[in-house]
Structure formats: C-alpha cells, structure tokens
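Inspection log for the structure reproduced underneath, given as structure tokens.
Here, each number is a calculation from the coordinates, and none is a lab measurement. It should be emphasised that the depicted structure is a prediction, and the values quoted were computed from it without experimental measurement. Cβ atoms come from the backbone with ideal geometry, glycine included; neighbour counts cover every protein chain shown.
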Amino acid sequence: MKAIRTAIIGYGRSGRNIHTHLLRQLPDLYQIVAYVESDPERRAMIKAEMNIDAENRIESLLERDDLDLVVVASYSDDHAENSKTLLRKGMTVL
C-alpha cells in the first residue's frame, strides 16, 4: 500500500506536537509532503526539522494534485474557513 501523501496546515501545538509527531511514527502509512504556516519562525523550524519548505498561504495547496489528505491544525478560529476552502476543491480534510 502506498503511503498517504499528507499536508499539514499549522506548526503550533497541534500541528507540530500532535499531528506531525503521530504521523512520523507511521511512515509506512503517512508521508508528510507539505506544510502551510504563516509564521516565518515556524516555517524556518519546519525546514530545519522536516526538511520541507513550508508555504505561507493555504492557496499553495489548492494548486497541488499530489495530496491525499490535508490536516487542518491552524488556529481554531481559522479551521472552518480553511476546511471549506479545501473541501470546495475536492480535497480530503481532517
């Protein structure tokens, strides 16, 4: 079975310490291939810790056709809008 190609929006408490931590423990099932993070310091952390160039805006994910799953771990106030944007494009969202 091919690993689920996953993007994570947010690299704060939930995005980094919960979702990234758990998905990295299951490399046969999940491959983290993209991040979206608005904070420049956290984008630098993603590059250092994950060797992935994080994007600044959710729109960057909308142009991709290689994602199987997007985990929304942004600020709670942004969850609904982020999820609706992704779902309108037919993406699978958690």
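The H on the amide N of V70, modeled in the peptide plane, is under 5 Å from the matching H of A7, T92, V93, L94, each at least 5 residues off or on a different chain.
Given the rule -39500 (n - 2.57) for each run of at least 4 DSSP H residues, summed and divided by the residues of the chain, what is its mean residue ellipticity at 222 nm, to the nearest 500 deg cm²/dmol?
Result for the chain: -8000 deg cm²/dmol, rounded to the nearest 500.
Think of segment 1-90 as having a plus end and a minus end, set by charges on the Cβ of Lys, Arg, Asp and Glu; of T85, V72, I18, I18 sits farthest toward the positive end of this dipole.
Shown in residue order for segment 7-22 are the 3J(HN,Hα) couplings computed by the Karplus curve 6.51 cos²θ - 1.76 cosθ + 1.60 at θ = phi - 60°: 10, 10, 9, x, 9, x, 3, 6, x, 8, 7, 10, 5, 4, 4, 5 Hz (x for Gly and Pro). Determine the distance separating the Cα centre of segment 1-31 from the Cα centre of segment 69-90; give it in Å without decimals. Using only Cα atoms to place each centre, the spacing works out to 16 Å. Protection proxy ranking of 30-41, 83-94, 62-73, 6-17, by the mean of other Cβ atoms within 10 Å over each peptide's residues and highest first, is 6-17, 30-41, 62-73, 83-94. All C-alpha to C-alpha distances of segment 15-94, sorted into 5 Å bins beginning at zero, yield P(r) values of 3, 14, 26, 28, 21, 8, 0 percent in whole numbers. Taken about its Cα centre, the chain carries a charge dipole of roughly 180 debye when the Cβ of each Lys and Arg holds +1 and the Cβ of each Asp and Glu holds -1. For segment 4-78, the relative contact order is 45 percent, taking Cα pairs closer than 8 Å that sit 6 or more residues apart in sequence and dividing their mean separation by the residue count. Residue exposure proxy: H79, H19, ordered by other Cβ atoms within 10 angstrom of their Cβ from fewest to most, comes out as H79, H19.
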